[in-house]
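Enquirer: Questions regarding the structure given below will be posed in turn.
Values in this text are rule-based calculations from the coordinates and carry no lab data. Note that the coordinates shown come from a computational prediction; the quantities given were computed from them, not determined experimentally. With ideal geometry, Cβ positions are generated from the backbone for all residues, glycine too; neighbour counts draw on all protein chains shown.
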């Protein structure tokens, strides 16, 4: 028999899952055909319904008028009602889904979706009642039979019906969700029939040589839900019930875990905040397709928590939500993907309880994540801002007032002040994808400021940090705390590219020496946080002033072997993180997507990799960075970065001419260079202006120690 059936609460076995009727408009039934003698006998044998006797699981009485309205709603939604039969001789139940016709009075009409099966059904089963869905409950209707044939039925609705609870937590039907069940190295494919937050029902197929006795119901099994390339759930489940069948069987399973570990356990955690009014989480459930609207209880930069009522619960640990929207007071929304990581029961009084679920962010756009963090940071301190629209005149006043732009620096930039102002206009107002700024201000007056730019694929560089002396003890630490929280909330989100944090600082500057240098010294592991000194060299005169390189010396475009030699030297001499952070590892040095991103935003960021060779020996590796004027006021993103690998025979004259040649090749107007190791210049008495320490730390590996280190410095903020 082809007729489908539902799992009923009074039965301890599982039937095949119900299918939603096809999305075709219902056809009005033809005039009823004459009832045959056999059908009359069957109808006469059916007991009279006891409509006035309420069922044991009834909740309250439902009037005929409301039943009619619910039937018309079901018809309007192209959904189904359930027609229940019981076997005439055995303790078996049969449920047939049907689409009702519009109902305008006290009679209900419908047609069977598979009329060819109905003569056999009527022969063996007797009609009992119908169930009309009403949210998470059902209306149990025991009608009077007016006509019941192999084509359809006409029923007279009673004056009173009863609302019942079909299940404590109602399962929702699913469609187009594929399933894998894996146990003991065997895998069975099938489909998801229905689902709720605590259990689900699947139909599996056994393709020869598979046999269902390969599945042991006493042992847990791993289950995967997916649709095309998208996986929605994978987890360990227990098998609670199963049906019989040679090639197809139904299984009911329950997830075993109330919490999953998506990320490493961490001592330092994101700060969750409860907002007023609370946001709403709105999404289409990936398994059922239904719209879900839940209140967000608390929120952080890396996740959030929601509450749902137990009877209508739809979230279970491990479930991935590919697209959710967080709505704030119905005025604006943030879009992200998330995964349920834990579920806890919360008592709400009496025997009722709600469920609190925690979700971790998987991905979110840079623009939306900045908005989220800005809201949370200002919620903690109303004077803390992230990527707010600054008054640039106030910013310039701040940079001069705090001495960040001191006389010698201004002497080097004043002739380009127009271009620098234009660059700041672009960076501070238009480009959250590649720039961030953190500001502590009161009544429009900037008290502390820190900015960083994504100058390498997965690395952000801090290039401004200053605070007014009158507010140094607070403002400078507040923006430092913002940086710490920012990197903790973003490094797990791949699209935000926050794997490394870097900065150049003068060893004489006490604040960065204490904070950044202090952390590197306390950690004492260059594989997690490294310090590399660079000499800052400025050759007088334009690049064209240099002489040609001697014969057998040449500058070529760097190749794979040059990059490998650079890595071998740096690993031996430093063992730090510079090459990983600067996209100079043997597997990443050809990446150039970031330059395209800068150009798309109207900015310049170009990189040329050059090799200074003597014969067939690599003498120095030159990284030529060409960027927008003023992107960094010390020109550290608009200069040559030189790593001397083999100093033998590399005289000061050849070295200077090589720098000028490289500057000419890439179009630099001045010869500015950061040189490593500093000892090369010192040993040859080559004058240089100052020394910078390049600080790089691996956020993935050392994020927790860094957050705790900053937390100790800012504990009183």
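Enquirer: Describe numerically, in nm with one decimal, the distance between label points set 7 Å from Cα along Cα→Cβ at residue 554 and at residue 214.
Expert: 6.2 nm
Enquirer: How high is the FRET efficiency from residue 64 to residue 298, r the C-beta distance, R0 51 Å, rounded to 0.05? Numbers along the way, then the final one.
Expert: Working: r = 46 Å, r/R0 = 0.90.
Computed FRET efficiency for residue 64 and residue 298: 0.65.
Enquirer: Suppose R0 equals 25 Å; then what is the FRET efficiency for residue 382 and residue 713 from their Cβ-Cβ distance, rounded to the nearest 0.05? Provide the component values of the computation, followed by the final result.
Expert: Working: r = 22 Å, r/R0 = 0.88.
It comes to 0.70.
Enquirer: Order 653-660, 179-186 from most to least packed using the mean count of other Cβ atoms within 10 Å. Write out the running numbers ahead of the final one.
Expert: Details: 653-660: 20.1, 179-186: 15.1.
Those peptides, ordered most packed to least, come out 653-660, 179-186.
Enquirer: Over the range 169-232, what is the relative contact order in whole percent, taking alpha-carbon pairs under 8 Å and six or more residues apart? Spell out each step's value before the answer.
Expert: Details: 97 pairs, mean separation 21.8, N = 64.
Contact order relative to length: 34 percent.
Enquirer: What does the helix-only formula give at 222 nm for the chain: each DSSP H stretch with n ≥ 4 adding -39500 (n - 2.57), the total divided by the residues, and the result rounded to the nearest 500 deg cm²/dmol?
Expert: On the way: 15 runs with 157 residues, N = 717.
After summing the helix terms and dividing by the residues of the chain, the value is -6500 deg cm²/dmol.
Enquirer: Follow-up. Among 692-698, 205-211, what's the highest-first ranking by average C-beta atoms within 10 angstrom per residue? Write out the running numbers ahead of the final one.
Expert: On the way: 692-698: 22.9, 205-211: 11.4.
Packing proxy ranking, top to bottom: 692-698, 205-211.
Enquirer: Here's something else I'd like to know. Distance from the Cα centre of the range 629-676 to that of the range 489-509, in angstrom?
Expert: Centre-to-centre (Cα) distance: 25 Å.
Enquirer: Using DSSP, restrict attention to beta bridges with both residues in the chain and report what percent are antiparallel, rounded to the nearest 5.
Expert: On the way: 171 of 179 bridges.
The antiparallel proportion sits near 95 percent.
Enquirer: Order these peptides, 446-454, 551-559, by their mean beta-carbon neighbour count within 10 angstrom, highest first.
Expert: Numbers: 446-454: 23.6, 551-559: 13.4.
Top of the packing list down: 446-454, 551-559.
Enquirer: Specify whether the C-alpha gyration tensor of the range 303-359 places it in the rounded, prolate or oblate class, a ≥ b ≥ c being the square roots of the eigenvalues: rounded for a/c under 1.5, otherwise prolate if a/b is larger than b/c and oblate if not.
Expert: Numbers: a/c = 2.70, a/b = 1.55, b/c = 1.74.
Oblate is the answer for the range 303-359, as a/c is 1.5 or above yet b/c matches or exceeds a/b.
Enquirer: Give me the Debye-computed log₁₀ of I(q)/I(0) at q = 0.22, 0.24 Å⁻¹ for the range 516-611, equal point scatterers on Cα only, no solvent, two decimals.
Expert: The calculated log intensity ratios at q = 0.22, 0.24 Å⁻¹ are -1.19, -1.20.
Enquirer: What is the diffusion coefficient of the range 206-280 in µm²/s, taking the Kirkwood radius over Cα pairs and the Stokes-Einstein relation at 10 °C with a viscosity of 1.306 mPa s?
Expert: Values: Rh = 16.4 Å.
It diffuses with D of about 97 µm²/s by this estimate.
Enquirer: Does the range 150-298 come out rounded, prolate or oblate by the C-alpha gyration tensor, with a ≥ b ≥ c the root eigenvalues, rounded set by a/c under 1.5 and, if not, prolate when a/b is larger than b/c and oblate if not? Don't skip to the answer; put the middle values down first.
Expert: Numbers: a/c = 2.23, a/b = 1.10, b/c = 2.02.
Oblate, since a/c reaches 1.5 and b/c is not below a/b.
Enquirer: Moving to a separate point now. So between residue 254 and residue 191, what do we pick up on full extension, going 0.36 nm a residue minus the alpha carbon distance? If you can, show how the numbers build up before the last one.
Expert: Details: separation 63, 0.36 × 63 = 22.68 nm, distance 1.57 nm.
So the chain would gain 21.1 nm between residue 254 and residue 191.
Enquirer: Let me ask something additional. Determine the relative contact order of the range 577-717: mean sequence separation of Cα pairs under 8 Å and six or more apart, normalised by residue count, in whole percent. Can you show the working numbers first?
Expert: Details: 141 pairs, mean separation 24.0, N = 141.
RCO, the range 577-717: 17 percent.
Enquirer: Taking a ≥ b ≥ c as the square roots of the Cα gyration tensor eigenvalues, with a/c under 1.5 meaning rounded and otherwise prolate when a/b beats b/c, else oblate, which class fits the range 531-697? Mind showing how you got there, number by number?
Expert: Working: a/c = 1.33, a/b = 1.16, b/c = 1.15.
Verdict is rounded for the range 531-697.
Enquirer: Let me ask another. Hey, got the Cα dimensions of the chain along the principal axes, in Å, largest first?
Expert: 116, 62, 44
Enquirer: Please quote Rg/Rh for the range 172-255 to two decimal places, taking the Kirkwood radius as Rh and restricting both calculations to Cα atoms. List each step's numbers first, then the result.
Expert: Details: Rg = 11.7 Å, Rh = 12.7 Å.
Value, to two decimals: 0.92.
Enquirer: Then there's this: Calculate how many DSSP beta bridges within the range 531-697 are antiparallel, expressed in % of all such bridges and rounded to the nearest 5. Mind dumping the intermediate values first?
Expert: Numbers: 32 of 36 bridges.
Among the beta bridges of the range 531-697, antiparallel pairing accounts for roughly 90 percent.
Enquirer: Give, in nm to one decimal, the length gained when the segment between residue 568 and residue 601 is fully stretched (0.36 nm per residue of separation minus the Cα-Cα distance). Display every interim value, and only then the final one.
Expert: On the way: separation 33, 0.36 × 33 = 11.88 nm, distance 3.59 nm.
Fully extending the segment from residue 568 to residue 601 adds 8.3 nm.
Enquirer: So, in nm, how far is label residue 592 from label residue 443 when the simple model puts each one 7 Å beyond its Cα toward the Cβ?
Expert: Result for the modelled spin labels: 5.3 nm.
Enquirer: Averaging sequence separations of C-alpha pairs under 8 Å and six or more residues apart, then dividing by the length of the chain, give the relative contact order as a whole percent. Show your work: numbers first, answer last.
Expert: Numbers: 1447 pairs, mean separation 60.2, N = 717.
Once divided by the residue count of the chain, the mean separation gives 8 percent.
Enquirer: Using Cα atoms only, what is the angle between the long axis of helix 699-713 and the major principal axis of the chain, expressed in degrees (0 to 90) to the nearest 10?
Expert: That works out to roughly 70 degrees.
Enquirer: Angle check, please: helix 560-573 long axis (alpha carbons) against the longest principal axis of the chain (alpha carbons), in degrees 0 to 90, nearest 10.
Expert: On a 0 to 90 degree scale, this one is about 80.
Enquirer: What is the helix-to-structure angle for 417-430, meaning the angle in degrees between its Cα long axis and the longest Cα principal axis of the chain, kept from 0 to 90 and rounded to the nearest 10?
Expert: Once rounded, the angle reads 20 degrees.
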